[in-house]
Amino acid sequence: MKILKSVFWVLYRIWFYILVAIPIVIFLPILMISIIKEAWYPLFFKIARIWARFILFGMGFRVQIEREQKPDPDKSYMFIANHTSMADIMLMLVTVKNPFVFVGKAELTKIPLFGFFYKRTSIIVDRNDPKSRQTVFLRAQRRLKQGMSICIFPEGGVPDEAIELDQFKDGAFRMAINHQIPIVPITFADNKKRFSYTFFSGSPGKMRAKMHKFIVTDGLTIKDTRELNLKAHKLLLRQLNHFNT
């Protein structure tokens with residue numbers, strides 16, 4: 001039985017990467033055109049949402065999304081969520097309709113095909129470069145001025161699976177305060193169980209997401225960053241505990 005499970009998990013991982021590649025190959029000409037100019041990013045985002053739905057459906061994930069409040073399509077936001085799985089990217093794309101730009105780690109750029117487009121459409125954080133933080137801020141600022149939103153997984157990486165929710169970095173909250181944009185907290189309930197970074201794990205099943213009421217930043221200053229951070233962390237942790245009961 002253990003051998004059969006191991007075989008399933010290996011094939012399941014291979015199938016995931018096949019699903020990642022298929023839409024990219026099919027839409028390759030349009031994707032290449034959509035990344036030529038930053039102004040054409042909304043087209044890329046629409047294709048990315050189709051790509052994400054295709055993968056989640058193909059993996060047998062039944063997506064269930066609850067929204068306490070819906071984003072205004074004409075406004076910019078800071079979207080944040082807990083981070084436990086490669087599938088977090090896909091679920092975020094399916095959950096949020098407003099065009100947003102990921103702020104993500106450089107390691108993802110090494111994934112064949114996916115990494116090529118991720119590098120050219122996301123704001124990459126290089127933890128080994130001390131100047132990276134300033135570069136990220138300037139690129140995010142430019143994107144917000146273009147009417148885009150920003151998405152950050154504030155744990156700063158994928159935490160140990162024994163940790164329910166790691167401490168949040170301040171970057172997302174500092175950026176939201178600087179630009180006076182609302183924070184949209186989103187809790188992913190099942191991604192760790194469905195498709196974690198542990199190789200021999202995962203299975204089809206429900207994949208729940210909850211978009212909470214927005215946290216406004218109007219009138220806040222940089223001094224409020226830590227308090228805002230802790231407020232968002234407490235909200236997501238409470239929801240994770242609720243999902244687990």
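The values are calculated or read from the model by the stated rules, or taken from the named source; none is laboratory data. Treat the numbers as computed from the prediction; the structure is a model and nothing was measured. For neighbour counting, all protein chains shown are included, and Cβ atoms are generated from backbone atoms with ideal geometry for every residue, glycine included. The accessibility values were calculated without ligands, DNA or RNA, using every heavy atom of the protein model including side chains. Shrake-Rupley method; radii C 1.70, N 1.55, O 1.52, S 1.80 Å.
If I compute solvent accessible area with a 1.4 Å probe over the protein chains, what percent of it on region 7-158 is carbon and sulfur? Looking at region 7-158 in its full context, I get 63 percent from C and S.
Given the pairs Lys105/Lys206; Lys75/Lys145; Lys46/Lys70; Lys2/Lys192; Lys46/Lys119, which span a C-alpha to C-alpha distance of over 22 angstrom in this model? Among Lys105/Lys206; Lys75/Lys145; Lys46/Lys70; Lys2/Lys192; Lys46/Lys119, the Cα-Cα distance tops 22 Å for Lys105/Lys206. Bridge orientation summary for the chain: considering DSSP beta bridges with both residues in this region, about 20 percent are antiparallel.
Taking amide H atoms as placed 1.01 Å from N in the peptide plane, the amide H of Met207 lies under 5 Å from those of Arg62, Val63, Gln64, each 5 or more residues away in sequence or on another chain. Taking N as the residue count of region 32-147, its C-alpha radius of gyration divided by 2.2 N^0.38 Å amounts to 1.09.
For region 138-143, backbone phi angles converted through the Karplus equation (6.51, -1.76, 1.60; θ = phi - 60°) give residue-by-residue couplings of 5, 5, 5, 4, 5, 5 Hz, Gly and Pro being listed as x. Around the Cα centre of region 165-245, unit charges on the Cβ atoms of Lys, Arg, Asp and Glu (plus for the first two, minus for the last two) sum to a dipole of about 300 debye. Mind listing which GluC sites (Glu not before Pro) in region 47-153 are in a DSSP loop and have 11 or fewer other Cβ atoms within 10 Å? In loop regions of region 47-153 (DSSP not H, G, I, E or B), the sparsely surrounded GluC sites (Glu not before Pro) are Glu68.
Here r is the Cβ-Cβ distance between Gln141 and Asn244 and R0 is 41 Å; the resulting FRET efficiency, rounded to 0.05, is 0.65.
Residue-wise, which Karplus ³J(HN,Hα) couplings in Hz belong to region 93-101, taking 6.51 cos²θ - 1.76 cosθ + 1.60, θ = phi - 60°, and x for glycine or proline? Karplus values, whole Hz, x for Gly and Pro: 5, 6, 6, 10, 8, 5, x, 9, 10. Extending 7 Å from Cα along the Cβ direction at Met1 and again at Ala39 yields two label points whose distance is 6.2 nm.
Ranking Asn82, Val101, Leu19 by Cα position along the charge dipole of the chain, where only Lys, Arg, Asp and Glu carry charges on their C-beta atoms, puts Leu19 farthest toward the positive end.
Close amide H contacts of Ser201 (hydrogens built in the peptide plane, cut-off under 5 Å, sequence separation of 5 or more or a different chain): none are found. Across region 51-64, coupling constants 3J(HN,Hα) worked out from phi with the 6.51/-1.76/1.60 Karplus curve, θ = phi - 60°, read 4, 5, 4, 4, 5, 4, 5, x, 7, x, 8, 9, 7, 10 Hz, and Gly and Pro carry x. Using the 1.4 Å probe convention, the accessible area of the chain works out to 52 Å² per residue with neighbouring protein chains retained.
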